[in-house]
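> This is the structure I want to talk about, given as structure tokens.
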Amino acid sequence: MLEKFKKEVLKANLDLVKHGLVVLTWGNVSALDHKSGLVVIKASGIPYDRMTDDDMVVVDPYGRVVEGRRRPSSDTPTHLALYKAFPEIGGVVHTHSTYATAWAQAGLSIPNIGTTHADYFHDDIPCTADMTEAEVMEKYEWETGNIIIERFKEMNPMHTPGVLVKGHGPFAWGVDAESAVHHAVVMEQVAKMASIAYALNPGLTMNPLLIEKHFLRKHGPDAYYGQTGHKK
């Protein structure tokens, strides 16, 4: 079942390792099959160096296992909440990559202070609010998704395809698993750049005209960056 998606999700998870975004088992990628409504996600706690297609689990929109011999990632409810709230997305990534997680632990959004950021994220990459006791103690992973959704009430999730969960770490998404990983890679890099830039110049500023130019040349109605079909 969904063999193509299993291979895509396996590759996407392994790409997290290739790009240095995960250590040990600290990360997961999922993909949504819009046609069936089923989601493929990596199994919980599986080491990346021996992960195979068989470690990909198929779940329904309620998190019930449809196919797979292992338990799905503990973050599955968060992924499912995002798919439900953001119908345009088809892939979700969660990591504990160093710089993005540091911003999350500091409780700070990553400001849009450079054209690299603006090429992929129109706005600051937002950080969520603190979770309440009820949110933490009851349906923690599902409520993690809900606080992300709440943070995006006045934002376009396709224009800023990533978020920091305060005290936890980054989530990113895209039209598929590959693009979600791509955005996770960019998020880590812009988090690193912002950390260095603020250390060099705490009073730095960014030209808003450059933000608009760089975002629209890739994502606007008259986009001209890249080749036909470019979706990253």
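> What whole number of Å gives the distance from the Cα centroid of the stretch 1-70 to the Cα centroid of the stretch 133-169?
Here the two parts' Cα centres lie 21 Å apart.
> For the stretch 1-67, what percent of Cα pairs sit more than 16 Å apart?
Summing the P(r) tail past 16 Å for the stretch 1-67 gives 40 percent.
> Arrange the peptides 91-99, 26-34, 54-62, 212-220 so that the one whose residues have, on average, the most other Cβ atoms within 10 Å appears first. Show your work: numbers first, answer last.
Working: 91-99: 24.9, 26-34: 23.3, 54-62: 18.0, 212-220: 15.6.
The densest-packed peptide leads the list: 91-99, 26-34, 54-62, 212-220.
> Right, another one. Would you mind giving the three semi-axes, in whole Å and largest first, of the ellipsoid equivalent to the chain according to its Cα gyration tensor?
After diagonalising the Cα gyration tensor, the semi-axes are 28, 20, 17 Å.
> GNM on the chain, C-alpha springs below 10 Å: top fluctuator among THR101, THR144, THR25?
Looking only at THR101, THR144, THR25, the largest GNM fluctuation is found for THR25.
> What list do you get for LEU82, LEU24 if you sort them by fewest beta carbons within 10 Å? Before the final figure, lay out the partial values.
Numbers: LEU82 24, LEU24 9.
Starting with the residue having the fewest Cβ neighbours, the order is LEU24, LEU82.
> So for the stretch 3-219: antiparallel DSSP bridges make up what percent, rounded to the nearest 5?
Expressed as a percentage, antiparallel bridges in the stretch 3-219 total about 95.
> Just want to confirm a number: the relative contact order over the chain, from Cα pairs under 8 angstrom separated by 6+ residues, in percent.
Across the chain, relative contact order equals 21 percent.
> In addition: List, in order, the whole-Hz ³J(HN,Hα) value for each residue of the stretch 197-202 obtained from phi through the Karplus relation with A = 6.51, B = -1.76, C = 1.60 and θ = phi - 60°; use x for Gly and Pro.
Taking θ as phi minus 60°, the curve returns 4, 5, 5, 6, 8, x Hz for the stretch 197-202.
> What Kirkwood hydrodynamic radius, in Å, does the stretch 1-125 give when the mean of 1/r is taken over all pairs of distinct Cα atoms and then inverted?
One over the average 1/r among Cα pairs gives 15.4 Å for the stretch 1-125.
> Next question, about the same structure. Compute the convex hull volume of the Cα atoms of the stretch 149-232, divide it by the residue count, and report the result per residue in Å³ as a whole number.
Cα-based convex hull of the stretch 149-232, divided per residue, equals 139 Å³.
> Considering amide H positions built from the backbone, and no H for Pro or chain starts, which residues 5 or more places from GLY174, or on another chain, come under 5 Å of its amide H?
Here GLY90, GLY91, ALA180 satisfy the definition.
> Can you give the Kirkwood hydrodynamic radius for the stretch 99-180, in Å, rounded to one decimal and based on Cα pairs?
Across the stretch 99-180, the inverse of the average 1/r is 13.1 Å.
> Now for a separate question. Given the pairs LYS42/LYS153; LYS18/LYS42; LYS18/LYS139; LYS35/LYS218, which span a C-alpha to C-alpha distance of over 22 angstrom in this model?
Values: LYS42/LYS153 29 Å; LYS18/LYS42 16 Å; LYS18/LYS139 32 Å; LYS35/LYS218 28 Å.
Pairs exceeding 22 Å: LYS42/LYS153; LYS18/LYS139; LYS35/LYS218.
A short reminder: the numbers here are calculations on the coordinates, not readings from a lab. This one's a predicted model, so the numbers in the text were calculated from it and none came from an experiment. Quick reminder, even Gly has a Cβ in these numbers, built from the backbone with ideal geometry, and neighbours come from all protein chains shown.
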